[in-house]
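Below is one structure, written out as structure tokens; the observations come after it.
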Amino acid sequence: MRTLLVLTLLVTAACAPDVPVGAPDSAAPEAAEDVDVSIAVGTDAVGELPQDVFVPVDVAPDLVVPTDVPPDAPSAPDVEPDSGPVDAVVVDLCVGKTCSDGNLCTTDSCESGKCIYLPTSATCTDGNFCTVGDACKDGLCLPGAVTDCSDGLACTVDSCSPAVGCAAVVSTTCDDGDPCTLDGCGKSGCTHGAAPSGCDDGSPCTLETCAGGACVHTYVDGPSCCTSDVAAVVKCDDGNPCTVEYCVNNQCEHTAPKGGCCISNADCTEGNICLAAICDTAQPQADHFICKYVDQNPDCTACSGQLGDCNDGNMCTVDTCQLKPNLCVNTPIAGCCLDDFDCDDQNLCTKDECVANQCQHPGYPAGQMCWGGTCDGQGTCVPAAPMGMVFIAGGTFWMGCNALEFTACVSHEAPQHKVALTPYYMDLTETTVAQYKACVDAGACTVPSQQSPAPFATYPGYPDHPVNNVSWTQALAYCKWRGGLFDLPTEAQWEMAARGSCEKNGSTASAPTCATAMRTYPWGESPPTCTYAVMFEGPQYGCGTNSAWQVGSKTLGDSPYGLHDMAGNVEEWTRDTYDPYYYSKSPAKDPADLGGGSAKVVRGGSFYLEAGYQRAGNRDYVVGSGSSGDIGMRCVRAYP
């Protein structure tokens, strides 16, 4: 006979949560309805209890079951409820299991043989990608705020899927079909910025511009550039008689060597000899008369027909013999040398060296004297500049703002375009008060509109500071007073002096990377601070002085040519009339907008302006008859 023990539990009809261990009776829900739940426990083995049963100690504190009884033991008598305790062990509901309800919003533990699940306030995730900040409350994971899926673009429809999260679908196409624009989508809708690179055909022999919504490719001459196959015969000749020169996309190309063509005997097979660039297959070399060099011949060109060779002892020639007539041909090898004298390039700024039979021409250090000037350290003799001026060798650079590298380009700084300039001279510093006063004293210039001690005014009390409060007309008059070759710089001259040529930026005129190599500021790419320029850096103008500084005070901000204050101190008048669209139509060489408009271009930032105005490509304009406390000038001189 099996003795059964009936365990009666108090639970709520609505399956109320377990009462925490040790909690007073009042902690149980008031509305709970008592229900009897019976669990049978055998005497020979503890009955299987559901693993998630929670037995509060204050409900059945004396729950007992008989200990294991041998199979042959007599049956235990029925136990009456009032008959008192029997030998028993406490039921341990945690044995052989882990107390885990799988709920991230409860803490699970085992106490006094029972699994305890208490609510927690930890963070959680409700599995919905469209909510953020989910948190636990009363044992439940409650969703947080709705995810903001807005991308700020007017051309997309934004939505959220609980399974994958935010998604944006393009609702409007921004392609305007114009290869001369860079199409995109912004906060206010479609944008169509200038994109001259979209017209780039990859050829170093063409200059790309946009006109009327179409790409225009203008031929630019260069060492490997040509206009036709006829021109390529001479322009593209590589000195190899076995190739044919032709012109493709204005660039020189060369066919593969023709079969049977040769430069020396080594190019011929089967022992044939090379005669007049053709391998002679009539007889092998052994059957031909081999010429012998005749020392007595002063021209060193004849050979006798006797056995011998045409070796002239010069390792820098290719020695061959033409049999009809018998003449030795000793063709020089380009660039080959025996000593330094063979490498003389007639350039006083290069050191001529013969290294491993090859000529090399490293530049002498900058400053070494050459005819009419000094060496620049790169093998070029720079003509001596007038006192206080710097020689700008001209060349090629990219003018304007590169929209692919600087997102805040102003529309009148676009498109970025390739410009070639002839050489010129430019003042090392901005025109000083002392220099301008000399013109006033000579009766050729008029005094500035404001004079010291007026706010910001430098004339006449600050002789080493840049003169300010002068109009465009006054600035031009000063430059012309200095001589017939002097003038205000064009915009292009000013910007090249501030940025440098392609070579000054580590590139070449023919390289497509020159456009992106252009420096943003005269000193490079470091953000503008008072280390580099006299500017507004707060809380006062002029790096805390509320005025311009003595010229040349910020040498760390010098341009690639060593020019001072090309950013900051005072803005500078240029010769050009202001036209916001001029960059889209300016010529590729020596551009200058000399129209009669009243607004004139000023360049260079000033002590009054913050960092964004110190860029080398920044354009500003003022009515030519006007003047300002932060505008001055510097002059250029034509070369030579």
- Select, from THR473, THR446, THR429, the only residue that is hydroxyl-bearing (Ser, Thr, Tyr), part of a loop (DSSP other than H, G, I, E, B) and under 28 Å from ALA385 (Cβ atoms). THR429
- Working only within segment 412-436, note down all residues that are within 23 Å of CYS514 (Cα to Cα) and touching a Gly at 6+ places or on another chain (Cβ under 8 Å). GLU413, ALA414, PRO415, GLN416, HIS417, ALA420, LEU421, THR422, PRO423, TYR424
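Table: residues versus (1) open to solvent by less than 30 Å² (accessible area, probe 1.4 Å); (2) in contact with a helix residue (DSSP H, G or I) (Cβ under 8 Å, 6 or more places away or on another chain); (3) closer than 30 Å to GLN450 by Cβ.
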site	(1), (2), (3)
CYS370	yes, no, no
GLY388	no, no, yes
LEU404	no, yes, no
THR407	no, no, no
LEU428	no, no, yes
ALA438	no, no, yes
- Task: Scan segment 343-381 for residues that are under 23 Å from PRO560 (Cα atoms) and of a type in the set (Gly, Ala, Ser) and jot them down.
- Result: GLY363, ALA366, GLY367, GLY372, GLY373, GLY377, GLY379
- Query: Among the candidates TYR583, TYR532, TYR621, TYR578, which residue alone is more than 26 Å from ASN505 (Cβ to Cβ), surrounded by 21 or more Cβ atoms within 10 Å (Cβ to Cβ) and not small (Gly, Ala, Ser)?
  - Reply: TYR578
- Query: Are any of the residues in segment 400-422 in a loop (DSSP other than H, G, I, E, B) and under 22 Å from SER625 (Cβ atoms)?
  - Reply: no
- Item | Residue check, LEU594 surrounded by 16 or more Cβ atoms within 10 Å (Cβ to Cβ), in a loop (DSSP other than H, G, I, E, B) and hydrophobic (A, V, I, L, M, F, W, C) | no
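Condition check ((1) open to solvent by 30 Å² or more (accessible area, probe 1.4 Å); (2) touching an Asp or Glu at 6+ places or on another chain (Cβ under 9 Å); (3) more than 20 Å from ASN569 (Cβ to Cβ)) across all residues:
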residue	(1), (2), (3)
HIS412	no, yes, yes
TYR424	no, no, yes
THR432	no, yes, no
THR458	no, no, no
- Message: Here's a check for you: in segment 568-582, which residue that is farther than 30 Å from LEU556 by Cα and not in a loop (DSSP other than H, G, I, E, B) is farthest from the chain's Cα centre (by Cα)?
- Response: THR577
- Are any of the residues in segment 504-526 farther than 22 Å from PHE406 by Cα, in contact (Cβ under 8 Å) with a residue 12 or more places away in the chain and crowded, with 20+ Cβ neighbours inside 10 Å? no
- Note on the structure: Only one of ALA167, ALA163 is in contact with a strand residue (DSSP E or B) (Cβ under 9 Å, 6 or more places away or on another chain), at pLDDT 65 or above, more than 30 Å from THR508 (Cα to Cα) and among the hydrophobic types (A, V, I, L, M, F, W, C), namely ALA167
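Yes/no matrix, rows are residues, columns are (1) at pLDDT 85 or above; (2) within 22 Å of ASP558 (Cβ to Cβ):
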| residue | (1), (2) |
| --- | --- |
| THR317 | no, no |
| VAL355 | yes, no |
| GLN358 | yes, no |
| TYR364 | yes, no |
| GLY372 | no, no |
| ALA408 | no, no |
| LYS418 | yes, no |
| MET426 | yes, yes |
- SER121 surrounded by 13 or more Cβ atoms within 10 Å (Cβ to Cβ) and either touching a Phe, Trp or Tyr at 6+ places or on another chain (Cβ under 9 Å) or not basic (Lys, Arg) (or both): no
- Query: Does ASP558 satisfy the condition of being free of Cβ contacts under 8 Å to residues at least 40 places away in the same chain and surrounded by 14 or more Cβ atoms within 10 Å (Cβ to Cβ)?
  - Reply: yes
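The values are calculated or read from the model by the stated rules, or taken from the named source; none is laboratory data. Keep in mind that this is a model prediction, so the values were computed, not measured. With ideal geometry, Cβ positions are generated from the backbone for all residues, glycine too; neighbour counts draw on all protein chains shown. Surface accessibility is based on the protein's heavy atoms, side chains included, excluding ligands, DNA and RNA. Shrake-Rupley method; radii C 1.70, N 1.55, O 1.52, S 1.80 Å.
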